[in-house]
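Structure record follows, encoded as structure tokens.
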Amino acid sequence: AQVVLPQNFAEGDLEFSWMFDVDRLQLLGQSIYTKYWCVRRKTLAHGLWCSSAYVPGILTQNQFLQLETMAKTSGRSIQEVDISQLVRKMAPTHSKKNLRTTFVDLPKISEKIWYSHFSSLTETEMLEGNQFVVINDKHGCHLYKHLKATEPDVSHRLFWDIYEILEFNSAVYGILRHLKMNLAQHFASVANDRAISFGYPMATNVAVVVLESQDHCSELDHSDHCFDIGNTMLSEGVPPSNPVYLRSAETAAELNRTVLGTIYTVVTKDMLVQPSVYFHNNIIWSAVEHLMAADAISVIGPSSSMFSSLILLARRRLDKAAFHYDGKMTLLEAEGILRPAKSTVEILRYPIKWVFSVGKRHRPSIAWNMSIAAVKSAAVANVVPVCLTNAGPDSELVQLLIRMGVRVLHHTPKWHAKSKAVLNQWRAKSDRRWIYTFPKFGDIQGMLMRIDIPVVGLLDRLVLYTDIDILFQQPVDWETMLGNSTLFTEENITYAKPGAIGLPRFFAMSTEFVQSSDREKMDTGVMLMNLVNLRKTHQEFVNFLFDENRTWKYSTSDPTGYKAYYRRNGKLEATFLPYRMNWKVFWDGSKKSDVEQSLDPIIVHFHGPKCETGIQPFLSEGIVQDESFRPLLEQCILLDSKCFRYCRQYEWFLFEHYKQIKWNPKVWS
């Protein structure tokens, strides 16, 4: 039986042989028949398909026409089987969530072809070649939509065997070489220079990042929220020192005002090659871009794209970097066409992302110091530090953080104007004591940036958020934060009850000043955030927070209103985060806990009095700047200098950092 390849692709005018190496494809056909058909037990079929006298063939449309002409003169018979008709007759239809999906069982189709055309013939008659059966696929490129290959089924192995052997022809590779040469000559150094100017390390070799965008604007919808793909790429550690090849209808100029266009060097095909006979052929370019993506340092695209889905699955098999910027499952996987044993969507990702936020500041401050010390301490935590800021890439603090290995995301909140008016009104009327909590008003705006963590393009379902006045003491892991609730899948998610340890519906918190099971005493300074559900409620939360008719109430335990908004039946909808994850410097670790077996701190939080403005002045000179903090400061004295030890650790991180960059380790007010 011969298989005739489709005459053209996607209703185009491209002959199959122009695209693929047909000789290689012929060898592929033979190896696939030997590996997958010869294991069948039908004696006649086994003898025929696996004998050296008969070699199954793959024909192009032109080859078939020649065979047809030869058959007329030789008296041979040619029977044509349209596989499209067999698919419609044999494929069962499954309905799920009102979506009708048709799958085809290729082995059964093969059996049907066999019994229809060969079962009445003897092996001798078959080998004499008196009859040809031609399998003609009129589905063209769209036959894949009827396949169902799930690992570890044989169909899954067969698919990847074909994928790995199939090769494009020399003309496709020629175009690819031309593109790579132009990228290296004209854009690699530009990307390197731009990255270095923003504080990023230079590239060690010439490589490319491939990005597919299906929208005509630079901001793409992310569960009803627009975000900048550039921030997603930064959060995933995609290096700006490599040029980004954009597979899209967009031009590089359209991205100038985005993070993607500002920090990355974006290149499109019209910037690399002159228009030619291949330039306007989408199939040829898909082949070239497919090869480019296979060798890229990273590949990014939408889950709804078949191109990106196939590339992501192929690269994941080789442990190469690839992700969908919407964080969803691949289209091939979601529709059951090609499903790996391990889902491409991970609920609990390692390493865990630690996110903090800082406001735009033009000169060093205590907030800078706290950020630097926190980042330095994160080296023991095995986390990926991510900073969300409204500062530009040329900011001194931003470049400082980047050089320390922080993934900095740039974002201007849509609620910025509203917040400024509300905060100015609050500042004018508020109690002066808050000045010792956040000395500069800009730092309060930085603290508010946490509101938008769910909508800036982070792919993780869960992230760890902290204020900047913390120090890590030990590694952070999911088991500590979630207890035994770590064994779940995308299809089987169970949220813990509010107040219990486990997977949070919105967030998990610990308590503020005293260790307590009372949810009303929880503190938002350290939170395990469920970005999926917080994203769904984001706009309503922002409307609530900046409602002009609502009185702004600042609270040290809840400065951004989470505890006021996320309530059910009058109670806070928060799960419990172990005390160790938000340990206050004035707590006594010698006391037993009914909730936790260990009280050895993982994160130390300078909640309330800070080292520079509260703890050190009190311990050294007895000075109390804010009387409301006196009980906490006096508790520090009773803790056998643990407060002092944590402050010394804080100072050491600053000293080591400033010594490294040759700055004066001065504490700014």
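Tell me which residues, restricted to the stretch 186-207, are modelled with pLDDT under 90 and either over 29 Å from the mean Cα position of the chain (by Cα) or surrounded by 14 or more Cβ atoms within 10 Å (Cβ to Cβ) (or both). Scanning the stretch 186-207 gives A203, V206, A207. As for the stretch 519-540, it holds at least one residue that is without any contact (Cβ under 8 Å) to a residue 40 or more places away in the chain, of a type in the set (S, T, N, Q) and surrounded by 17 or more Cβ atoms within 10 Å (Cβ to Cβ). Please verify whether T556 is modelled with pLDDT under 90, more than 30 Å from E634 (Cβ to Cβ) and open to solvent by 10 Å² or more (accessible area, probe 1.4 Å), treating the condition exactly as stated. No.
Only one of the listed residues (I366, I347) is buried (at least 20 other Cβ atoms within 10 Å of the Cβ), touching a residue at least 60 places away in the same chain (Cβ under 8 Å) and over 22 Å from T258 (Cα atoms). That residue is I366.
Annotation: of all residues in the stretch 287-309 being open to solvent by 40 Å² or more (accessible area, probe 1.4 Å) and of a type outside the set (D, E, K, R), the one that is modelled with the highest pLDDT is I297. Of the residues making up the stretch 334-364, those that are touching an Asp or Glu at 6+ places or on another chain (Cβ under 7 Å) and either among the small types (G, A, S) or farther than 23 Å from D452 by Cβ (or both) are R339, P340, A341, S343, T344, G359. On inspection, E656 does not qualify as at pLDDT 80 or above, at negative phi and open to solvent by 80 Å² or more (accessible area, probe 1.4 Å). Note on the stretch 152-173: residues that are free of Cβ contacts under 8 Å to residues at least 60 places away in the same chain and either open to solvent by less than 30 Å² (accessible area, probe 1.4 Å) or in contact with a Pro (Cβ under 9 Å, 6 or more places away or on another chain) (or both) total 1. Looking only at the stretch 225-245, which residues are part of a strand (DSSP E or B) and either more than 16 Å from D460 (Cβ to Cβ) or at pLDDT 95 or above (or both)? Within the stretch 225-245, C226, D228, V244, Y245 meet the criteria. Among the residues of the stretch 279-310, those that are in a helix (DSSP H, G or I) and of a type in the set (G, A, S) comprise S286, A287, A293, A294, S308, S309. Of all the listed residues (K376, K328, K353, K420), the sole one being over 29 Å from P601 (Cα atoms) and either open to solvent by less than 10 Å² (accessible area, probe 1.4 Å) or not in a loop (DSSP other than H, G, I, E, B) (or both) is K420.
Would you check if L459 is open to solvent by less than 40 Å² (accessible area, probe 1.4 Å), at pLDDT 80 or above, under 26 Å from R648 (Cβ atoms) and of a type outside the set (S, T, N, Q)? Spelling it out, it is not the case that L459 is open to solvent by less than 40 Å² (accessible area, probe 1.4 Å), at pLDDT 80 or above, under 26 Å from R648 (Cβ atoms) and of a type outside the set (S, T, N, Q).
If the condition is being under 16 Å from L471 (Cβ atoms) and not in a loop (DSSP other than H, G, I, E, B), then the stretch 379-396 contributes A379, V380, V383, P385. If the condition is being touching a helix residue (DSSP H, G or I) at 6+ places or on another chain (Cβ under 9 Å) and surrounded by fewer than 19 Cβ atoms within 10 Å (Cβ to Cβ), then the stretch 382-392 contributes only G392.
Of the residues Q425, Q399, the single one that is at pLDDT below 85 and either assigned to a helix (DSSP H, G or I) or buried (at least 17 other Cβ atoms within 10 Å of the Cβ) (or both) is Q425. Take the residues of the stretch 489-510 that are at pLDDT below 90 and not in a loop (DSSP other than H, G, I, E, B): which is farthest from the chain's Cα centre (by Cα)? Filtering first and then ranking leaves N492. Residues of the stretch 597-628 that are part of a helix (DSSP H, G or I), closer than 19 Å to V514 by Cβ and open to solvent by less than 20 Å² (accessible area, probe 1.4 Å): G614, I615.
The values are calculated or read from the model by the stated rules, or taken from the named source; none is laboratory data. This is a predicted model, so every value here is computed, not measured. Here Cβ is always computed from backbone atoms with ideal geometry, including for glycine, and neighbour counts include all displayed protein chains. All accessible areas refer to the heavy atoms of the entire protein, side chains included, with ligands and DNA or RNA removed. Shrake-Rupley method; radii C 1.70, N 1.55, O 1.52, S 1.80 Å.
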